[in-house]
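Read the structure below first, then the notes.
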Amino acid sequence: MKSSIGCVIRANKLFKLIQNGDKVCVGVSGGKDSMLLLYTLAMYKRIVKNELNWDIEIYGIHLKMNLCAIDYEGITNFWKSKGIHFHVANTHMGEILRAQMKKNKLQCSLCSKMKKAILIDEAKKLGCNKVAMGHHADDAIETLFMNMVNEGRIATFKPKMFLDRSNIWFIRPLILARENDILREAKKLELPIVPCGCPMEGFTQRDTMKDFLMKNFYKSEKWGASYKNFLIALLNGKESNLWFDDPKASKNDLVFKMKNDRNYE
């Protein structure tokens with residue numbers, strides 16, 4: 001637990017993700033990342049209470065997507081044995097996703113939007129002011145590359161963001177954790193893992209990008225240092241040196257021309 005708790009403590013110092021009095025709803029997909037996040041934040045709650053006299057509340061919510069039959073008894077009993085608030089919320093996502101399929105495939109973007117909206121509603125029912133997701137450093141790097149490749153922009157998700165319409169914060173306390181460390185801790189703690197039941201699992205653009213980075217960079221003798229340096233690049237804002245400092249530069253005439261001119265393809 002020292003690794004994940006240490007990552008949360010460092011991330012909180014850098015990005016001010018959790019404060020005294022917060023009620024945090026953890027979106028638990030059932031995978032290793034979100035399961036470890038809920039476990040870690042439950043431990044973090046005890047630490048800040050003992051050391052800082054903070055009172056924070058941590059809740060775990062799993063959205064039942066109804067894409068296939070899943071036995072939730074193991075996961076619910078596990079959290080109950082740990083004294084951690086957790087419940088499974090029923091949804092109509094499976095029905096909607098099947099009705100909106102394109103080329104016999106579920107729409108990942110639609111699924112993501114629905115999960116986000118439903119999770120916010122569930123969080124508000126509990127009186128939470130923040131929603132925590134299990135995204136980690138490797139996810140942020142993969143998102144950075146996907147945005148460059150697919151959208152022509154250098155961007156990734158933020159450690160925290162405020163949703164004006166929902167009046168709630170989205171935070172990512174494991175943003176500094178690496179996936180290998182998460183996997184190792186999840187196995188050590190024997191966290192029960194629940195399959196999401198999505199037929200697209202293992203065949204998404206993110207999976208393709210993960211494999212690409214692993215093969216061409218992380219496991220490469222020549223580029224092995226990239227595993228550390230890609231994360232450093234995201235943290236090293238002062239060393240960012242692009243062609244335009246103006247954040248509106250992405251809308252200038254040259255960018256528009258390049259996106260629509262076949263000569264640049």
*Give me the pairs, please: first residue somewhere in segment 37-62 and among the acidic types (D, E), second residue anywhere and part of a helix (DSSP H, G or I), beta-carbon distance under 9 Å, and either six or more positions apart or on two chains.*
D55/K45; D55/V48; D55/K49; E57/K45
_When the residues of segment 213-245 are narrowed to those that are aliphatic (A, V, I, L, M) and assigned to a loop (DSSP other than H, G, I, E, B), which ends up modelled with the lowest pLDDT?_
L242
*Please specify each residue of segment 155-177 satisfying the condition of being modelled with pLDDT of 95 or more and small (G, A, S).*
A177
*Can you work out which of the residues in segment 1-27 that are assigned to a strand (DSSP E or B) and of a type in the set (V, I, T) is surrounded by the fewest Cβ atoms within 10 Å (Cβ to Cβ)?*
V24
*Residues of segment 19-43 satisfying the condition of being within 17 Å of L176 (Cβ to Cβ) and either in contact with a Cys (Cβ under 8 Å, 6 or more places away or on another chain) or of a type in the set (S, T, N, Q) (or both)*: S34, T40
*Say whether the condition of being crowded, with 18+ Cβ neighbours inside 10 Å and among the β-branched types (V, I, T) is met by at least one residue in segment 94-117.*
no
*Would you confirm whether any residue within segment 45-67 is surrounded by 13 or more Cβ atoms within 10 Å (Cβ to Cβ) and in contact with a Pro (Cβ under 9 Å, 6 or more places away or on another chain)?*
yes
_Tell me whether segment 63-72 contains one or more residues that are acidic (D, E), in a helix (DSSP H, G or I) and more than 15 Å from H136 (Cα to Cα)._
no
_For the structure I just gave you, tell me whether I84 is assigned to a loop (DSSP other than H, G, I, E, B), out of contact with any strand residue (DSSP E or B) (no Cβ under 6 Å at 6 or more places or on another chain) and among the β-branched types (V, I, T)._
yes
*Mind listing just one residue for me: the one in segment 63-112 that is closer than 18 Å to S34 by Cβ and among the basic types (K, R) and, of those, modelled with the lowest pLDDT?*
K64
*Could you pull out the residue among Y59, Y44 that is in a strand (DSSP E or B) and among the aromatic types (F, W, Y)?*
Y59
*asked:* Tally up the residues in segment 170-200 that are under 17 Å from D138 (Cα atoms) and loosely packed, with under 13 Cβ neighbours inside 10 Å, please.
replied: 1
*Tell me, yes or no, whether segment 113-124 has at least one residue that is part of a helix (DSSP H, G or I), free of Cβ contacts under 8 Å to residues at least 12 places away in the same chain, of a type in the set (A, V, I, L, M, F, W, C) and out of contact with any Gly (no Cβ under 9 Å at 6 or more places or on another chain).*
yes
*asked:* Can you pull out every residue in segment 126-169 that is surrounded by 12 or more Cβ atoms within 10 Å (Cβ to Cβ), more than 20 Å from L36 (Cβ to Cβ) and of a type in the set (D, E, K, R)?
replied: K158
*Residue by residue through segment 135-166, note down the ones that are assigned to a loop (DSSP other than H, G, I, E, B) and over 12 Å from the mean Cα position of the chain (by Cα).*
G152, R153, I154, A155, D164, R165, S166
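The values are calculated or read from the model by the stated rules, or taken from the named source; none is laboratory data. Bear in mind that the values here come from a model prediction, so they are computed numbers and not experimental data. As a convention, Cβ positions derive from the backbone with ideal geometry for all residues, glycine included, and neighbour counts pool all protein chains shown.
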